[in-house]
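Below you'll find the structure, written out as structure tokens, and then a few comments.
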Amino acid sequence: MSILKILKYPDPRLRTVAKEVEIFDKSLDNLSTDMLETMYAENGIGLAATQVDVHIRLVVIDISDDRDTPLIFVNPEVKILDNKSLVPCEEGCLSIPGASVEVSRPDKIELHWSDLKGKQHKSNPEGLLAVCIQHEIDHLEGKLLVDYLSPLKRSRLKNRATR
């Protein structure tokens, strides 16, 4: 197990669209373990493989109070159940340290994903878990929190990040 380097905004590799995982093997297990260790070390609640410069559709999340309930989603896909009922949530990002952005997202989703063995699953996460999943899937699509900001605020954040 090892701590991985997290890419920081405005690194252009954060804009890479992740490829679907096709091989479910020990290297995928090892990567997910390293990602969880990295996320815990940085006090995050979610991490996408894109953020550690591995461009596959893999996400790890742990929103539990005791940080002992890791969730691993391979090839996650979200279906929005109610696009009219958006809930504002203050979001942070390990790739944009110190930034906090209010983003309105659906707080109920339908999630399809595979586990580390390739078995497919479906669930209906709500609340913080639903928000976190959508945030991490944004990373897999090359989308960042700054994309939810006005051009002026985005420019200010970029200037601060490149100092």
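Computed from the coordinates by the stated procedures, all read-outs in this text should not be read as laboratory data. Not measured: the values here are computed from a predicted model. With ideal geometry, Cβ positions are generated from the backbone for all residues, glycine too; neighbour counts draw on all protein chains shown.
Which of the residues belonging to the stretch 104-153 are basic (K, R) and assigned to a loop (DSSP other than H, G, I, E, B)?
Once the filter is applied, which keeps residues that are basic (K, R) and assigned to a loop (DSSP other than H, G, I, E, B), the stretch 104-153 yields K117, K119, K143.
Could you please give the count of residues in the stretch 104-124 that are surrounded by 12 or more Cβ atoms within 10 Å (Cβ to Cβ) and more than 19 Å from I45 (Cβ to Cβ)?
Number of matching residues: 7.
State all residues of the stretch 79-103 that are crowded, with 18+ Cβ neighbours inside 10 Å and assigned to a strand (DSSP E or B); if no residue qualifies, say none. So that I can check it myself, show each step before the final result.
Taking the stretch 79-103 as the starting set, the residues that turn out to be crowded, with 18+ Cβ neighbours inside 10 Å are 89, 91, 93-96, 99, 101, 103.
Residues satisfying the conditions are C89, E91, V101, V103.
On the given criteria, is K19 of a type in the set (K, R), farther than 18 Å from A130 by Cβ and in contact with a Pro (Cβ under 9 Å, 6 or more places away or on another chain)?
On the way: of a type in the set (K, R): yes; farther than 18 Å from A130 by Cβ: yes; in contact with a Pro (Cβ under 9 Å, 6 or more places away or on another chain): no.
It is false that K19 is of a type in the set (K, R), farther than 18 Å from A130 by Cβ and in contact with a Pro (Cβ under 9 Å, 6 or more places away or on another chain).
Could you say whether any residue in the stretch 50-61 is in contact with a Lys or Arg (Cβ under 8 Å, 6 or more places away or on another chain) and under 16 Å from L145 (Cα atoms)? So that I can check it myself, show each step before the final result.
Kept after step one, since they are in contact with a Lys or Arg (Cβ under 8 Å, 6 or more places away or on another chain), are these residues of the stretch 50-61: 50, 52-53, 55-57.
If we keep only those that are under 16 Å from L145 (Cα atoms) as well, we get 50.
So far as the stretch 50-61 goes, yes, one or more of its residues are in contact with a Lys or Arg (Cβ under 8 Å, 6 or more places away or on another chain) and under 16 Å from L145 (Cα atoms).
Only one of L36, L31, L47 is assigned to a strand (DSSP E or B), closer than 16 Å to L7 by Cα and not aromatic (F, W, Y). Can you tell me which? Steps first, answer last, please.
Values: L36 fails: assigned to a strand (DSSP E or B); L31 fails: assigned to a strand (DSSP E or B).
Going through L36, L31, L47 in turn, just one is assigned to a strand (DSSP E or B), closer than 16 Å to L7 by Cα and not aromatic (F, W, Y): L47.
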